[in-house]
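J.: The structure is given below, and queries will be raised subsequently.
The values are calculated or read from the model by the stated rules, or taken from the named source; none is laboratory data. Worth saying up front: this structure is predicted, and the values here are computed from it rather than measured. No Cβ is skipped: glycine too gets one built from the backbone with ideal geometry, and neighbour counts run over all protein chains shown. The area values use the complete protein model at the heavy-atom level, side chains included, leaving out ligands, DNA and RNA. Shrake-Rupley method; radii C 1.70, N 1.55, O 1.52, S 1.80 Å.
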Amino acid sequence: MLLLHISDIHFSTGDIDKPYDQNLGLRGDMIQDVKGMRKQLNRPIDAILISGDIAYHGRKEEFDFALTWLKEELCPVSGCKIEDVVVIPGNHDVDRKAAEAPMHADARAMLRSTPISQANQAITRYVDDETSSQMLFKPIENYNRFSANFLCEIGFYNKDTGRKPYTFRDFTLSDGSTLRVWGFNSVLICDGKDGKDNMFVDPSAAQIIKREDGVTHLVMCHHPFGWLRNAGEFRDRIESVAHLHLFGHEHSLRVEDYRRFTRIRAGALQPSRDEAGWQPGYNIIDVDVSGRAHDRRLDVKIWVRHYHGTRFIAVSDHQGNDPWHLSHDLTPWIAPKVEASPIAPVAQIGAGPTNENTGTVMVDQSLTVRSVAIKILALNEKDQRRIITGLALDEEGDQGLLDYEFALAAVRRAFDRGQLQQLNDAIVNQPGVR
């Protein structure tokens with residue numbers, strides 16, 4: 001797996017789509033550097049991991065700009081499919097105006113004043129109740145609308161839309177084992193009083209990860225431990241079960257090598273220019289498995305890149321090596337044997353273009369819930385609803401869902417019912433859809 005790790009992009013309404021966008025050249029230099037690194041490594045990026053602060057003020061137009069940048073610039077140059085982006089929220093992704101209501105302020109004050117021994121229990125009560133959970137997650141609604149494109153929205157658990165208070169995504173490593181990428185929310189309680197030891201990570205993060213044979217865990221959280229009031233249990237857990245820890249927020253590039261895990265801070269892709277020691281950066285991380293079934297190791301290479309003058313250059317390790325090389329022991333695992341069977345063409349009437357040689361209609365095997373989700377979310381709400389109702393993918397109870405939640409629920413139902421190709425065809429046949 002080749003991963004591109006970025007954080008703290010800070011797309012701001014003060015800059016985007018303006019002739020004086022102060023970061024336009026910087027982003028262009030980063031795009032060119034990613035292009036050069038891809039050529040150097042002779043491989044495309046498999047996944048883009050963004051550890052928070054996509055926006056600056058948490059506004060919809062900032063997230064719209066970010067999505068366009070990912071679709072039209074970063075993903076194409078890196079070779080990464082747009083559906084293989086994984087995101088988590090940061091404090092700048094919170095719409096502070098949406099959090100000014102008295103009930104929001106009262107909830108934050110109460111939770112911050114709760115004794116630390118009772119804090120996780122108090123937060124869990126809020127998250128597990130639909131009404132209070134919706135209030136707690138309301139300030140990141142613009143973020144959720146953006147992250148829904150990657151099925152990374154977070155909030156009160158909803159089985160129809162797939163939403164959870166955290167996110168995770170599975171990728172396949174070189175030996176057939178799984179790299180599970182977890183994204184945890186550290187902006188449950190976020191306002192002008194943010195500070196070190198004053199933030200909270202969702203308590204589920206401490207226990208939701210379990211040890212599994214053949215699964216290597218990577219954890220993303222925007223705030224490093226020093227910012228989290230309830231860091232203790234969370235830190236103990238991920239240090240014992242996760243081999244890779246990715247953070248944002250602190251605008252410094254740093255790689256910390258421990259015997260059991262590697263901790264990586266992304267730096268900021270677009271830090272504030274009046275910030276002391278201003279230096280944009282990002283990372284490329286190669287994750288591979290070596291050794292045999294009973295002597296497996298996780299081999300990690302990290303190309304740390306930072307901005308110098310008008311271009312990005314390498315940050316070498318303490319011995320002057322680029323990339324950084326790290327390795328961690330993995331538990332024994334043997335890939336299960338798969339019985340070989342004849343592979344026949346897959347056909348489904350009315351599901352796609354006709355194969356002229358056989359007269360059957362061939363299914364596009366590359367379609368996934370993620371690839372179809374990002375297509376339907378690009379349509380306006382009127383067209384979404386017309387397609388969904390036309391295919392009878394709506395159900396009673398959908399009335400309480402937001403527009404993007406309604407669309408995601410329909411995509412999941414299409415997958416469950418074997419109608420994903422049919423839904424995809426209805427989307428791409430819309431005028432103006434590419």
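J.: Checking residue 34 against (1) open to solvent by less than 10 Å² (accessible area, probe 1.4 Å); (2) closer than 21 Å to residue 180 by Cα, which test does it fail?
T.: Answer for residue 34: the failing condition is (2).
J.: Something else about it: Just one of the numbered conditions (1) open to solvent by less than 30 Å² (accessible area, probe 1.4 Å); (2) in a strand (DSSP E or B) is not true of residue 288; which one?
T.: The one condition residue 288 does not meet is (1).
J.: Let me ask you something else. Would you check if residue 172 is surrounded by fewer than 18 Cβ atoms within 10 Å (Cβ to Cβ), modelled with pLDDT of 90 or more and touching a strand residue (DSSP E or B) at 6+ places or on another chain (Cβ under 7 Å)? If you could, list the steps in order and put the result at the bottom.
T.: On the way: surrounded by fewer than 18 Cβ atoms within 10 Å (Cβ to Cβ): yes; modelled with pLDDT of 90 or more: yes; touching a strand residue (DSSP E or B) at 6+ places or on another chain (Cβ under 7 Å): yes.
Considered against the rule, which asks whether it is surrounded by fewer than 18 Cβ atoms within 10 Å (Cβ to Cβ), modelled with pLDDT of 90 or more and touching a strand residue (DSSP E or B) at 6+ places or on another chain (Cβ under 7 Å), residue 172 comes out as yes.
J.: Another question, then. Restricting to the stretch 390-421, count the residues that are of a type in the set (S, T, N, Q) and open to solvent by 70 Å² or more (accessible area, probe 1.4 Å). Steps first, answer last, please.
T.: Here is the first cut: in the stretch 390-421, the ones of a type in the set (S, T, N, Q) are 399, 419, 421.
Subset that is open to solvent by 70 Å² or more (accessible area, probe 1.4 Å): 399.
Qualifying residue count for the region: 1.
J.: Looking only at the stretch 291-329, which residues are assigned to a strand (DSSP E or B), touching a helix residue (DSSP H, G or I) at 6+ places or on another chain (Cβ under 7 Å) and open to solvent by 60 Å² or more (accessible area, probe 1.4 Å)?
T.: Within the stretch 291-329, 311 is the sole residue that qualifies.
J.: In the stretch 325-342, is there at least one residue being within 30 Å of residue 278 (Cα to Cα) and at pLDDT 90 or above?
T.: First, the residues of the stretch 325-342 that are within 30 Å of residue 278 (Cα to Cα): 325-326.
Pick out the ones that are also at pLDDT 90 or above and you get 325-326.
Yes, that holds for at least one residue.
J.: Give 46, 93, 53 a once-over and let me know the one that is among the charged types (D, E, K, R), buried (at least 19 other Cβ atoms within 10 Å of the Cβ), farther than 22 Å from residue 271 by Cα and under 16 Å from the mean Cα position of the chain (by Cα). Step through it out loud before you land on a result.
T.: Working: 93 fails: farther than 22 Å from residue 271 by Cα; 53 fails: farther than 22 Å from residue 271 by Cα.
From the options 46, 93, 53, the qualifying one is 46.
J.: Would you call residue 275 among the acidic types (Asp, Glu), open to solvent by 10 Å² or more (accessible area, probe 1.4 Å) and touching a helix residue (DSSP H, G or I) at 6+ places or on another chain (Cβ under 9 Å)? Give the derivation first.
T.: Values: among the acidic types (Asp, Glu): yes; open to solvent by 10 Å² or more (accessible area, probe 1.4 Å): yes; touching a helix residue (DSSP H, G or I) at 6+ places or on another chain (Cβ under 9 Å): no.
No.
J.: Just one of the numbered conditions (1) touching a Cys at 6+ places or on another chain (Cβ under 6 Å); (2) over 30 Å from residue 167 (Cα atoms) is not true of residue 20; which one?
T.: (1)
J.: Mind counting the residues in the stretch 175-215 that are more than 20 Å from residue 230 (Cα to Cα), open to solvent by 10 Å² or more (accessible area, probe 1.4 Å) and either in contact with a His (Cβ under 6 Å, 6 or more places away or on another chain) or not charged (D, E, K, R) (or both)? Steps first, please.
T.: Step one: filter the stretch 175-215 for residues more than 20 Å from residue 230 (Cα to Cα), giving 175-181, 211-215.
In the following step, the residues that additionally are open to solvent by 10 Å² or more (accessible area, probe 1.4 Å) were identified as 175-176, 178, 180, 211-213, 215.
Subsequent filtering for residues that are either in contact with a His (Cβ under 6 Å, 6 or more places away or on another chain) or not charged (D, E, K, R) (or both) retains 176, 178, 180, 215.
Of the residues in the stretch 175-215, 4 are more than 20 Å from residue 230 (Cα to Cα), open to solvent by 10 Å² or more (accessible area, probe 1.4 Å) and either in contact with a His (Cβ under 6 Å, 6 or more places away or on another chain) or not charged (D, E, K, R) (or both).
J.: Could you check, for the stretch 96-118, whether at least one of its residues is more than 19 Å from residue 208 (Cβ to Cβ), open to solvent by less than 50 Å² (accessible area, probe 1.4 Å), among the hydroxyl-bearing types (Ser, Thr, Tyr) and assigned to a helix (DSSP H, G or I)?
T.: If we filter the stretch 96-118 for residues that are more than 19 Å from residue 208 (Cβ to Cβ), which is where we start, we get 96-118.
Then drop every residue that is not open to solvent by less than 50 Å² (accessible area, probe 1.4 Å), which leaves 98-99, 101, 104-105, 107-108, 111-112, 114.
Filter once more, so that each one left must be among the hydroxyl-bearing types (Ser, Thr, Tyr): 114.
Narrowing further to those that are assigned to a helix (DSSP H, G or I): none.
Within the stretch 96-118, not a single residue is more than 19 Å from residue 208 (Cβ to Cβ), open to solvent by less than 50 Å² (accessible area, probe 1.4 Å), among the hydroxyl-bearing types (Ser, Thr, Tyr) and assigned to a helix (DSSP H, G or I).
J.: Take the conditions open to solvent by 30 Å² or more (accessible area, probe 1.4 Å), of a type in the set (Ser, Thr, Tyr) and more than 16 Å from the chain's Cα centre (by Cα) and apply them to residue 126. Does it pass?
T.: Numbers: open to solvent by 30 Å² or more (accessible area, probe 1.4 Å): yes; of a type in the set (Ser, Thr, Tyr): yes; more than 16 Å from the chain's Cα centre (by Cα): yes.
So residue 126 passes the test.
J.: Pull up the stretch 218-235, narrow it to residues that are out of contact with any helix residue (DSSP H, G or I) (no Cβ under 6 Å at 6 or more places or on another chain) and outside any helix (DSSP H, G or I), then point me to the one that is most open to solvent (accessible area, probe 1.4 Å). Please lay out each step first, then the result.
T.: We begin by selecting, within the stretch 218-235, every residue out of contact with any helix residue (DSSP H, G or I) (no Cβ under 6 Å at 6 or more places or on another chain); these are 218, 220-224, 226-229, 232.
From what's left, outside any helix (DSSP H, G or I): 218, 220-224, 228-229.
Working: 218: 1, 220: 0, 221: 0, 222: 0, 223: 2, 224: 4, 228: 5, 229: 57 Å².
Ranking the qualifying residues of the stretch 218-235, first place goes to 229.
J.: Return yes or no: is residue 40 free of Cβ contacts under 8 Å to residues at least 12 places away in the same chain and either of a type outside the set (Phe, Trp, Tyr) or not in a loop (DSSP other than H, G, I, E, B) (or both)?
T.: Working: free of Cβ contacts under 8 Å to residues at least 12 places away in the same chain: yes; either of a type outside the set (Phe, Trp, Tyr) or not in a loop (DSSP other than H, G, I, E, B) (or both): yes.
Yes: the conditions hold for residue 40.
J.: Out of curiosity, is residue 28 free of Cβ contacts under 8 Å to residues at least 12 places away in the same chain and either of a type in the set (Gly, Ala, Ser) or assigned to a strand (DSSP E or B) (or both)?
T.: Working: free of Cβ contacts under 8 Å to residues at least 12 places away in the same chain: yes; either of a type in the set (Gly, Ala, Ser) or assigned to a strand (DSSP E or B) (or both): yes.
In short, yes.
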